[in-house]
Amino acid sequence: MDNTFLTQITNGIIEDVETGRNGSFVLVSYSDCPKCDSPDQMIRLNVGNNTVILDENNNRILLRDLQKGMVVNAAFSNATTRSIPPQSAAYVIQVIGRPLEDQVTVGRIVDIDRQNRSFTTISDGNISSVIRFHLADDAKIFNSFGRPMQFASLVPGLRVRVRHAAFMTMSIPPQTTAFEVRVITV
């Protein structure tokens, strides 16, 4: 596909979905530079009959299936209005994650990335259960006695219970956000 007339965003968050007699749109916030401290951008993606909306498995879904809080990738026209927020015609909107809900996973830490504040677990030695957790900024970490501990104290081999977001990326291994980590046993 020729990208000359196309702009793409990844990991945008749906802020609003609206259908009315003046048309349908999805308001999406996103970051131009995820590793920078730049503020999130907003864009109003106008949804028409030619807009393709997909779920995590690349199945077509309807506009009404989109919900606030979903994580999406989108492709839209380079032609945008100068309004606030800018508006553009949406070509493709693909859901890559669901709204933040909590789930719990128990596993053993097999890898830690101190620089990116993330760690990888495996459950019951099953290679298909590997998950990479990225700690939320306000994530809490507790030792086996329930006392707060530092991220630096987590080491491979610890068995942990992780409270995390319900969505996961489709990468290998899947990745998600951890809100709370509790050491169960060593």
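Put simply, of 110, 72, 95 the only residue that is part of a strand (DSSP E or B), open to solvent by 20 Å² or more (accessible area, probe 1.4 Å) and among the β-branched types (Val, Ile, Thr) is 110. Filtering the range 145-166 to residues that are out of contact with any Asp or Glu (no Cβ under 8 Å at 6 or more places or on another chain), of a type outside the set (Lys, Arg) and more than 18 Å from residue 110 (Cα to Cα) leaves 145, 146, 148, 149. For the range 37-69, the set of residues classified as polar (S, T, N, Q), closer than 18 Å to residue 22 by Cβ and open to solvent by less than 70 Å² (accessible area, probe 1.4 Å) consists of 46, 51, listed by residue number.
All conditions but one from (1) at pLDDT below 90; (2) at positive phi apply to residue 137; the one that does not is (2). Can you pull out every residue in the range 118-134 that is of a type outside the set (Val, Ile, Thr) and either out of contact with any His (no Cβ under 7 Å at 6 or more places or on another chain) or at pLDDT below 90 (or both)? Result: 119, 123, 124, 125, 126, 128, 129, 132, 134. Highlighted here are the strands (runs of 3 or more DSSP E) found entirely within the range 113-186 that include at least 3 residues which are exposed (fewer than 10 other Cβ atoms within 10 Å of the Cβ): 126-142.
Give the residues of the range 111-150 that are among the acidic types (Asp, Glu) and out of contact with any strand residue (DSSP E or B) (no Cβ under 9 Å at 6 or more places or on another chain), sorted by residue number. So that I can check it myself, show each step before the final result.
Step one: list which residues in the range 111-150 are among the acidic types (Asp, Glu), which gives 111, 113, 124, 137-138.
Scanning the range 111-150 gives a single hit, 137.
Of all residues in the range 57-69, those satisfying the criterion of being assigned to a loop (DSSP other than H, G, I, E, B) and at pLDDT below 90 are 57, 67, 68, 69. Checking the range 3-22 against the condition returns a match, with at least one residue being at pLDDT 80 or above, surrounded by 10 or more Cβ atoms within 10 Å (Cβ to Cβ), out of contact with any His (no Cβ under 7 Å at 6 or more places or on another chain) and at positive phi.
The values are calculated or read from the model by the stated rules, or taken from the named source; none is laboratory data. None of the values given here were measured: they were computed from a predicted structure. Note that each Cβ is placed from the backbone with ideal geometry, even for glycine, and that neighbours are counted across all protein chains shown. Remember, those area values only see protein heavy atoms, side chains included, never the ligands or the DNA or RNA. Shrake-Rupley method; radii C 1.70, N 1.55, O 1.52, S 1.80 Å.
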